[in-house]
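Have a look at the structure below, then the notes.
The values are calculated or read from the model by the stated rules, or taken from the named source; none is laboratory data. Quick caveat: nothing in here was measured; it's all calculated off a predicted structure. Virtual Cβ from ideal backbone geometry, glycine too; neighbours counted across all protein chains shown. The protein model used for the area step is the full one, side chains on, heavy atoms only, and it has no ligands, DNA or RNA in it. Shrake-Rupley method; radii C 1.70, N 1.55, O 1.52, S 1.80 Å.
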Amino acid sequence: MHSPSPEPEPSVACWVDVAVQTPAHSPIAGLLSYRSAEPLQAGQLLRVPLGKQELLGIVWAVHSQAPSQLDVEAVRNVAGVLKDLPPLSASWRSLVQFSARYYQRSIGEVALAALPPALRDLDDTRLARRLRKLPAAVPAHTVSPSPALSLQQAQALEQMAQADGVFLLFGSTGSGKTEVYLRAVADLLARDPLAQALLMVPEINLTPQLEARVRDRFGDAAVVSMHSGLTPAQRLRSWLMAHTGQARIVLGTRMAVFASLPHLRLIVVDEEHDPSYKQQEGARYSARDLAVYRGHLESQRVVLGSATPSLESWHHKIGRAHV
């Protein structure tokens, strides 16, 4: 009688370090190693086993050989890859990595909290179904006529266009700062057919009025919202449209600072002084400060707007204009 042949070792195309969300204060707080039978790249979303669970993860680094001091016998295989999604960009991963280090949280906690919860339950088949339901991408265009600018608004817009990096726009409530933001977005989208803009407000109750105005100006198909008041399905749809580049304008609260926007060119933080930009639960962070850092990472313009600018914004040597 022949003894059964040993099972062949699984083929390994690469070894990957993966960010997953682990419980707070868990001893498993860093990146986890897995092996994959197919080539992968950093930023891809995938499903991996952890204990008896299967979790959503993000490829953080790829190795052609097993890292040294790794018990390869204990390393498990990747369970599946969400192949229809483009990888999360290097600048997005740098933002998450900086946030985790600066605010002393794990990369997995910050990274996975930034993704819509409904994404965690999708496999490739269900994801493909969701993607097919998204509206076809259409160019953003001005739907309603723009009101005439005052001399101060026109001068502020010109100064913003000539400035690099961070710019402070200040003026009393009702002075016309929002119109300056919208003109800056309109100019950007007219110049670049792929460009995306992020408009941030401090609280959900400020979102509907601004959202109505933005949709009236640019059309429904160009705009998505991101805030905690959305249903899981709505949040997933908004994230997918932003991540795939179909949404040209993202309007949101502090969570939107982590939106995946592959063609981000402009960030506006309205009422930048407002303490609501500070996340007080879970992984704490200042969305205003991260917006400034994200603009630095991606070499994009950041506009901070306020009637009463914060002391740090006022005293930093940045461009500024009054309306």
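Please report the net charge: other residues with Cβ closer than 15 Å to the Cβ of Pro275, K and R +1, D and E -1.
Local charge sum for Pro275: -4.
Per 0.36 nm of contour for each residue apart, how much would the distance between Asp71 and Leu297 grow if the chain were fully extended, relative to their Cα-Cα spacing?
Extending this stretch completely gives an extra 77.8 nm.
Would any residue of the range 80-107 have its amide N under 16 Å from a label point 7 Å out along Cα→Cβ of Thr244? List them or say none.
82-88
Mind listing which GluC sites (Glu not before Pro) in the range 268-305 are in a DSSP loop and have 16 or fewer other Cβ atoms within 10 Å?
Glu281
Taking the simple approach of a point 7 Å from Cα along Cα-to-Cβ for both Gln234 and Ala113, what is their distance in nm?
Inter-label distance under the simple model: 2.3 nm.
Comparing Ala256, Ala287, Ala186, which has the greatest mean-square fluctuation in the GNM of the chain with Cα pairs linked when under 10 Å apart?
Ala186
Evaluate E = 1/(1 + (r/R0)^6) for Asp123 and Leu194, where r is the Cβ-Cβ distance and R0 equals 35 Å; express this FRET efficiency to the nearest 0.05.
Calculated value: 0.75.
Which one of Ala100, Ala190, Val110 is farthest out on the positive end of the charge dipole of the chain, using unit charges on Cβ (Lys, Arg +1; Asp, Glu -1) and the Cα centre as origin?
Of the candidates, Ala190 comes out farthest on the positive side.
Roughly how many percent of the accessible protein surface of the chain is carbon and sulfur, given a 1.4 Å probe and a whole-percent answer?
After summing per-atom areas, the C and S share lands at 52 percent.
Where does the longest stretch of the chain lie that holds no trypsin sites (Lys or Arg not before Pro) found in a DSSP loop with 14 or fewer other Cβ atoms within 10 Å? Write down the numbers at each step before the final one.
Working: sites that count: Lys52, Lys83, Arg284, Lys317.
In short, 84-283.
State the Kirkwood hydrodynamic radius of the chain in Å, one decimal place, computed from all pairs of distinct Cα atoms.
21.2
Semi-axes, largest first, in whole Å: what does sqrt of 5 times each Cα gyration tensor eigenvalue give for the range 284-323?
One finds semi-axes of 18, 13, 9 Å for the range 284-323.
Using a simple charge model, +1 on the beta-carbon of Lys and Arg, -1 on the beta-carbon of Asp and Glu, nothing else, what dipole does the range 83-198 show about its Cα centre, in debye to the nearest 20? Could you put the intermediate results ahead of the total?
Numbers: 13 positive and 10 negative charges, 97 e Å.
Computed about the Cα centre, the dipole is about 460 debye.
Looking at the chain as a GNM with Cα springs under 10 Å, which of Leu70, Leu264, Leu304 has the largest mean-square fluctuation?
Leu70
Report P(r) for the range 120-266: all Cα-Cα distances, bin width 10 Å, range 0 to the bin holding the largest distance, values in whole percent.
Per 10 Å bin, starting at 0, the Cα pair percentages come out as 10, 39, 36, 11, 3, 0.
Hey, what D do you get for the range 34-113 in µm²/s if you plug the Kirkwood alpha-carbon radius into Stokes-Einstein at 4 °C and 1.567 mPa s?
94
Under 15 Å from a point 7 Å along the Cα-to-Cβ line of Thr173: which residues of the range 194-215 have their amide N that close?
202-203, 205-207, 209-210, by backbone N distance to the label point.
Roughly how much of Leu149 is accessible, in Å² to the nearest 10, using a 1.4 Å probe?
50
Which FRET efficiency value, to the nearest 0.05, do you get for Ser91 and Trp314 by plugging their Cβ-Cβ distance into 1/(1 + (r/R0)^6) with R0 = 35 Å?
Working: r = 28 Å, r/R0 = 0.79.
Efficiency for this residue pair is about 0.80.
How much accessible area does Asp187 have with a 1.4 Å probe, in Å² rounded to the nearest 10?
My reading of the accessible area for Asp187 is about 70 Å².
With r defined as the distance between the Cβ atoms of Arg101 and His263 and R0 fixed at 30 Å, what FRET efficiency is calculated, to the nearest 0.05? Write down the numbers at each step before the final one.
Working: r = 26 Å, r/R0 = 0.88.
The value I calculate is 0.70.
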